[in-house]
1. Could you work out the local net charge near residue 153, counting Lys and Arg as +1, Asp and Glu as -1, over the other residues with Cβ closer than 12 Å to its Cβ?
2. Taking 0.36 nm per intervening residue step and subtracting the Cα-Cα distance, what contour gain separates residue 1 from residue 33 on full extension?
3. From the phi angles alone, apply the Karplus equation (6.51, -1.76, 1.60; θ = phi - 60°) to the stretch 89-106 and give each ³J(HN,Hα) in whole Hz, x where the residue is Gly or Pro.
4. Calculate, in nm to one decimal, what residue 53 and residue 87 gain on full extension: separation in residues at 0.36 nm each, minus their alpha carbon distance.
5. Full-extension gain between residue 70 and residue 151, please, as 0.36 nm times their residue separation minus the C-alpha to C-alpha distance.
6. Using only Cα atoms, tell me the angle between helix 62-71 and the longest principal axis of the chain; keep it within 0 to 90° and round to the nearest 10.
7. Suppose only helical runs count, i.e. DSSP H with n ≥ 4. What mean residue ellipticity at 222 nm does that imply for the chain under -39500 (n - 2.57) per run, divided by all residues and rounded to the nearest 500 deg cm²/dmol?
8. With angles folded into 0 to 90 degrees, how steeply does helix 118-129 sit against the dominant principal axis of the chain? Use alpha carbons for both and round to 10.
Amino acid sequence: MTRIKPSFLWMPSFLWMMYRCGWGTREGQETVLAVEIRRDGFEWALRDACLSHHVPAPHGDRAPWRRRSREAPARVRWDPERDPHHNPPPYRSLRLGLAGPAAARCADEWITGIEDVTPLATEIHALVRTGELERAAALLPKERPHPVADEVLAHPRA
């Protein structure tokens, strides 16, 4: 399963990724990459995704959800976010898991750019550690809305 946070450009997602990789200091996670993908690919994955966990209201019985979750090329999960000190705020953000054909399409068709943002992560982390939160926040990419058409999110098999 390949997991993506839908936008490096969203400050909370950036901070969640920094939490997950320890600001690029965890063993095996010392390089932080921002991967840009095509919008139509992202929306294809959303359209064909299923929730990563069973919810009785949309799913009903557990068996159909279990079957759908095995077949779906993508899974949606709501991750807790983090502030600069890794404290969780009262909201969550989308994480999209890509499996099988979705992971292959992402790698082969959707990627439009890859940027090594390790130096940015290191710089922001240093500012956070010294308590210079305003300077750190000024370096974070600006959050932008990512509007999605209703039909992309309306899938009866979710």
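1. With Lys, Arg at +1 and Asp, Glu at -1, the net is -3.
2. 9.8 nm
3. My calculation for the stretch 89-106 gives x, x, 9, 10, 10, 5, 10, 10, x, 10, 10, x, x, 5, 5, 5, 5, 4 Hz in order.
4. 9.8 nm
5. My answer for the length gained is 26.9 nm.
6. Tilt of helix 62-71: around 70 degrees.
7. Rounded to the nearest 500, it is -10500 deg cm²/dmol.
8. Tilt relative to the chain: about 70 degrees.
Where a number appears in this text, it was derived from the coordinates with a stated rule and is not lab data. Quantities reported herein were computed from a predicted structural model and do not represent experimental measurements. Here the Cβ is made from the backbone with ideal geometry for all residues, glycine too, and neighbour counts use every protein chain on show.
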